[in-house]
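Right, one structure below, let's go through it.
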Amino acid sequence: MLHGIIDIGSSTVRMAVYDIRGGDIDMLLKKKHVVGLAAYVKDGVMTQAGIDKAVEILEEFTGFLHCFRITRVAAFTTAALRNAKNSREAVAEIERRTGLTIRVITGDEEATFDFIGATHAFGHKDGLLVDIGGGSTELVAFADGAITQKVSLPLGATDFHARFSDDVLPTLAECRRMEEEAARILSNVDCYVTSQNTPPPLGEVPRRGGEGHAVTTSSTVSFNNLQMDALAGIGGTFKSGIALFNAVYDLPPENLTIDARELPALIRRFTSDRDLPQDDVIRLMRAVPDRLPTILPGLTIANVIAKHFGATRITYSDSGVREGYIYSEIIGT
């Protein structure tokens, strides 16, 4: 059966078409628009311009799906719309104008879907999963194939660019301010865990998280006590980061591992106050044409996370929240 999955993120709005048969999924096609919805949030409110931009893209996607008679469509949104003060009103207007039903997934659900999607691809039983989005960052610690702790942090590449940078590429000083803010938030990570691990409303049954995946967290696991030599990275920041890393260090596109110890040098190399050689401009534009404003903020967040957990390697996986949503909400139901 053909299914359309639409992910309204803080940096990008994506649509993918999957052929789902039993427990197997096959992605046939993927479309995306780099929108930066997080930048349309002013004083905590999603602006009308942001709503209009979301509607414009979603109408394009629904038109495409209608052309191929794909009627099984699931749409969800993450941090930019989730965290806006007018989230309910903005989502309602987008639904009314596009005819879609849009699920606002919580940070906790986003972390769970990330875990389910990525672990299907990685096959690892233990580790720490990181997803740096445009408006939030999800961390998921897991052992023996089950989540031991998860949290959604207010760290986002698009949000950081809007808050700290005045140009397409940030200066080194602006990256330093981003680093300080990321370190401040990460130093209080267990406080965010505590605030998000609240019981579900009375009568609401917690989601199972897909067949074969335990999602119950243990409050005894502290992120501040975790040390991991390697991290598993998913999402656009790491996809772009590995592309830039490979371009700079002349590695083949098949390489999916970033040496985290090289991140500070990689960030400094592309700051706007450095006189960029033309070869580096070419590398940057070829590797990350759609993420020029957010690549350094995203890598800065990645660098802080790697340092916090003592990681020297980050391995990228192309499977994440959309695949996790399918396994949990479509196949697992």
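Test of understanding: extend the Cα→C-beta vector of Arg72 to 7 Å, then name every residue of segment 7-41 with backbone N under 14 Å from that spot.
17-28
Rank Gly233, Gly145, Gly241 by mean-square fluctuation in a GNM of the chain with C-alpha springs under 10 angstrom and give only the top-ranked residue.
Of the options given, Gly145 has the highest mean-square fluctuation.
Expressed as a whole percentage, what fraction of the accessible surface of segment 254-333 belongs to carbon and sulfur atoms when a 1.4 Å probe is rolled over the protein heavy atoms?
47
Just to confirm a number: summing +1 for Lys and Arg and -1 for Asp and Glu over residues other than Val189 whose beta-carbon lies under 15 angstrom from that of Val189, what do you get?
In short, -2.
What does the helix-only formula give at 222 nm for the chain: each DSSP H stretch with n ≥ 4 adding -39500 (n - 2.57), the total divided by the residues, and the result rounded to the nearest 500 deg cm²/dmol?
Computed ellipticity for the chain at 222 nm equals -12000 deg cm²/dmol.
With Cα extents along the principal axes in Å as the read-out, I listed [x] 117, 50, 30; [y] 52, 44, 41; [z] 58, 52, 39; which label goes with the value calculated from this structure?
The listed entry that was calculated here is [y].
Using a 1.4 Å probe and ignoring any ligands, DNA or RNA, find the accessible area of Thr237 and quote it in Å² to the nearest 10.
10
Using heavy-atom solvent-accessible surface (probe 1.4 Å) with all chains present, what is the largest-first order of Asp259, Asp7?
Listed by decreasing accessible area, they come as Asp259, Asp7.
What order do Val104, Val140 take when sorted by accessible area (1.4 Å probe), most exposed first?
Descending accessible area places them as Val104, Val140.
To the nearest 10 Å², what's His161's accessible area with a 1.4 Å probe?
It works out to around 40 Å².
So how do Met27, Met285 rank on accessible area, 1.4 Å probe, biggest first, that is with the largest at the start?
Ranked list, largest accessible area first: Met285, Met27.
If each residue of separation counts as 0.36 nm, what is the full-extension length gain between Ala49 and Glu180 once their alpha-carbon separation is subtracted?
That works out to 44.1 nm of additional length.
Given H placed on each backbone N at 1.01 Å, which residues far from Val104 in sequence or on other chains put an amide H within less than 5 Å of it?
Thr77
Find the relative contact order for segment 232-333 and round it to a whole percent, using C-alpha pairs within less than 8 Å whose residues are 6+ positions apart.
Relative contact order, segment 232-333: 46 percent.
Residues of the chain: accessible area per residue at 1.4 Å, in Å²?
45
For Gln196 and Asp229, compute 0.36 nm times the residue count separating them, minus their Cα-Cα distance, and round to one decimal in nm.
9.2 nm
The values are calculated or read from the model by the stated rules, or taken from the named source; none is laboratory data. For clarity, every value in this text was computed on a predicted model and none was experimentally measured. All Cβ positions, glycine included, derive from the backbone under ideal geometry; neighbour counts span all protein chains shown. Each accessible area value is taken on the protein alone, full model and side chains, heavy atoms only, with ligands, DNA and RNA left out. Shrake-Rupley method; radii C 1.70, N 1.55, O 1.52, S 1.80 Å.
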